[in-house]
1. Of all beta bridges DSSP finds with both residues in the stretch 48-173, what is the antiparallel percent, to the nearest 5?
2. Could you sort 45-51, 199-205 so that the peptide with the highest average Cβ count within 10 Å comes first and the rest follow in order?
3. Mind ordering 237-247, 265-275, 172-182, 129-139 by average Cβ neighbours within 10 Å, highest first?
4. For the stretch 53-160, what is the number of Lys pairs with C-alpha distance below 17 angstrom, counting only pairs 8 or more positions apart or on separate chains?
5. Can you classify the stretch 50-159 as rounded, prolate or oblate using the Cα gyration tensor, where a ≥ b ≥ c are the square roots of its eigenvalues, rounded means a/c under 1.5, and otherwise it's prolate if a/b beats b/c and oblate if not?
6. Within the accessible area of the stretch 76-150, what % is carbon and sulfur when the probe is 1.4 Å and the other protein chains stay in place?
7. Which of rounded, prolate or oblate describes the stretch 178-229 when judged by the alpha-carbon gyration tensor and an a/c cut-off of 1.5?
8. Can you give the Rg to Rh ratio of the stretch 94-204, both from alpha-carbon atoms, with Rh computed by the Kirkwood formula?
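The values are calculated or read from the model by the stated rules, or taken from the named source; none is laboratory data. For clarity, every value in this text was computed on a predicted model and none was experimentally measured. No Cβ is skipped: glycine too gets one built from the backbone with ideal geometry, and neighbour counts run over all protein chains shown. All accessible areas refer to the heavy atoms of the entire protein, side chains included, with ligands and DNA or RNA removed. Shrake-Rupley method; radii C 1.70, N 1.55, O 1.52, S 1.80 Å.
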Amino acid sequence: MIPSRPARALLLTVAVAATLAACQRKEKEASPEAAPPAAEAAATGPLSYESATPYAKVSLTLPEAIKTQPKLYADLYRQEVADLGRYAEGAQADRTEAGGDSAMGPYEKTIVYGGAVQTSRLFSAMRTDFDYSGGAHPNTVATGLLWDKTEQKRVTAADLFAKGADLTALERALCTAVNTAKKGRPGAEPVTAGGDMWSCPKLTKTAVVLAPGSVQGKAGGLTFLLDAYAVGPYVEGAYYLTLPASAFQGLLAPAYAAEFGGQPLKAGDVTEDLRPKA
């Protein structure tokens, strides 16, 4: 029996639709875009760099954990090596202009990233910059690296806190931690909020890193990095002080509040724990 014209049209429409659907399924299966996105591979490359000339010795050391963040690793390694190269060039120009006094020896710059801590969203490491370019003593500066793994960008310590948060109580807690640590250093004088020579540190001028904690995947607190001269004379050295998350949990920005919890593995003065080992 021959189908009527309307029936033949309907059958033809169904056949065409089935053919198109089959073609689309094959294209989707063959297309790489149809596959679920693979996890970003770990970065590959060196974790250290060294260069030595008669004028300067420079080096860089990165932690193994940074390879879990390929973009951060690539940007950081490239930037630091370039900066070390400029330092070496400047040392040559400086020493040549000064008459090339070989008795002094080459300048030295050592950059070490250590103490890596990660939460589900944040990656943190402490950057220590040792620089000797002549003078009475070398200079060591500690800064904090904070990386938002979700946004794939660096963030500042201020970004961790909610806009408009009153940090007064946290600053008082940090000042108390400074004075407690000073009790363990012979001759160290306590600081006050309105001190003439040395005073309590301001959070806006203090570098921070995440402190490892008792809860997996969360930071137990923040470690505040105060270099020599920050709260006392050079002879006192640096103060690296950890405050528990409970001291500032209510001040955190909503995006980062869940990244903290539990207790820090060690609170108070952690200077010796974080100081780069020779």
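1. Expressed as a percentage, antiparallel bridges in the stretch 48-173 total about 80.
2. 199-205, 45-51
3. On the way: 237-247: 21.5, 265-275: 15.7, 172-182: 18.1, 129-139: 13.1.
Highest to lowest by the protection proxy: 237-247, 172-182, 265-275, 129-139.
4. Lysine pairs satisfying the spacing and distance rule in the stretch 53-160 number 5.
5. prolate
6. 50 percent
7. Since a/c reaches 1.5 and a/b is larger than b/c, the shape of the stretch 178-229 is classed as prolate.
8. 1.08
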